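One structure is given here, and the rest of the page talks about it.
The values are calculated or read from the model by the stated rules, or taken from the named source; none is laboratory data. Predicted model, so just to flag it, every value in this text is computed and none were measured. Ideal geometry is used to build each Cβ from the backbone, glycine not excepted, and the neighbour counts take in all protein chains shown. Please note that ligands, DNA and RNA were not included when accessible areas were found on the heavy atoms of the full protein model with its side chains. Shrake-Rupley method; radii C 1.70, N 1.55, O 1.52, S 1.80 Å.
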Amino acid sequence: MSKPMPQWKQKLDTLVEHKYFTAVVITFILFNAVVVGLETYPHLYSEYRSAFLTIDRILLYIFTVEILLRLFAARTMGTFFKSGWNWFDFIIVLSGYLLAGAYFVTVLRILRVLRVFRAISVIPSLRRLVDALLLTIPALGNILLLMSIIFYIFAVTGTMLFQNVSPEYFGSLQLSLLTLFQVVTLESWASQVMRPIFEELPWSWVYFVSFVLVGTFVVFNLFIGVIVNNVEKAEAAETEEIDETKEEVKELRKEVRELKDLLKESLNRSDNNNSG
């Protein structure tokens, strides 16, 4: 049986799990995002450089206090670092101290942008969504393999058919693959890629339309189907876990009630025996 948490840890845990604490942290993360965005304007950054550095240092201290509060609120340090999200938060904050030298200014500014990602780790609904998306990665392997085969077949075919007509798009295998990637995103594929070739080879529409149908509508729908399915599974698993917890609580309450009845019955018997 695990030891009960000390009272000060319980108070810290209540504090860091409170909705207002989470709201304050999110507010500072969003404020950090605004500050980093303003830094991209050279005239603003050069004029108020010291102010930007001061604000960044204050935000770093605030995030450090937040991480320490969450670390001390955890049952053990190992419990805290079991979560990948806690690792992410810890590394982002720690990097602000490790890369404080002048040689790492650019890297440090990029890491400040990454602090905005902490909104995902702080907001539970976003965290659950990202966890569900990460679960889809193994399931996407077969779809990626299928997509690679389709891309390769169409790229080789396109290079053979259109190498002389449109060398800027189908001059080599790698160019063909890049062109097909543009086509599959449906970004100006008809006006830029297909139309010039269609003027030279009227039958070329068959190639492009078949690739769009197979690559975009079939494969992308498979992607979406797998992602939606895994998100539903993650939500179902979470709901099932909550239901199991509720059932356990009900069982515990029932057992406590039975113990109370037994104690009352035994006390009544002892009173009767004493009176007799």
Discussion item. Per residue of the range 200-208, what does 6.51 cos²θ - 1.76 cosθ + 1.60 with θ = phi - 60° give for ³J(HN,Hα)? Whole Hz please, x for Gly and Pro, Karplus curve as stated.
Written reply: 8, 10, x, 7, 5, 4, 4, 4, 6
Worksheet item: Karplus couplings for the range 45-57 from phi (6.51 cos²θ - 1.76 cosθ + 1.60, θ = phi - 60°), rounded to Hz, Gly and Pro as x?
Response: 5, 5, 6, 10, 4, 5, 5, 4, 5, 5, 4, 4, 5
Worksheet item: Given a Förster distance of 35 angstrom, what is the FRET efficiency for Phe198 paired with Asn229, based on the Cβ-Cβ distance and rounded to 0.05?
Response: 0.35
Practice prompt. Mind grabbing the accessible area of Trp8 for me, 1.4 Å probe, Å², rounded to tens?
Written response: 130 Å²
Worksheet item: By how many nm would the segment from Thr157 to Leu133 grow when fully extended, if each residue of separation counts as 0.36 nm and the alpha-carbon distance is taken off?
Response: 5.2 nm
Worksheet item: Taking a 28 Å limit on the Cα-Cα distance, which of the listed pairs Lys19/Lys260; Lys82/Lys254; Lys9/Lys82; Lys11/Lys250 fall beyond it?
Response: Lys19/Lys260; Lys82/Lys254
Fill in: Most to least accessible of Leu71, Leu146, Leu213 (protein chains only, probe 1.4 Å)
Leu213, Leu146, Leu71
Item to complete: Quick one: accessible surface of Ile55, probe radius 1.4 Å, all protein chains present, in square angstrom to the nearest 10.
Response: 50 Å²
Response to the item:
Quick tally, 1.4 Å probe accessible area for Arg70, Arg127, Arg49, Arg118, sorted with the most first, runs Arg49, Arg127, Arg70, Arg118
Discussion item. What does the extension gain come out to for Gln7 and Phe117, with contour length at 0.36 nm per residue minus their alpha carbon separation?
Written reply: 36.4 nm
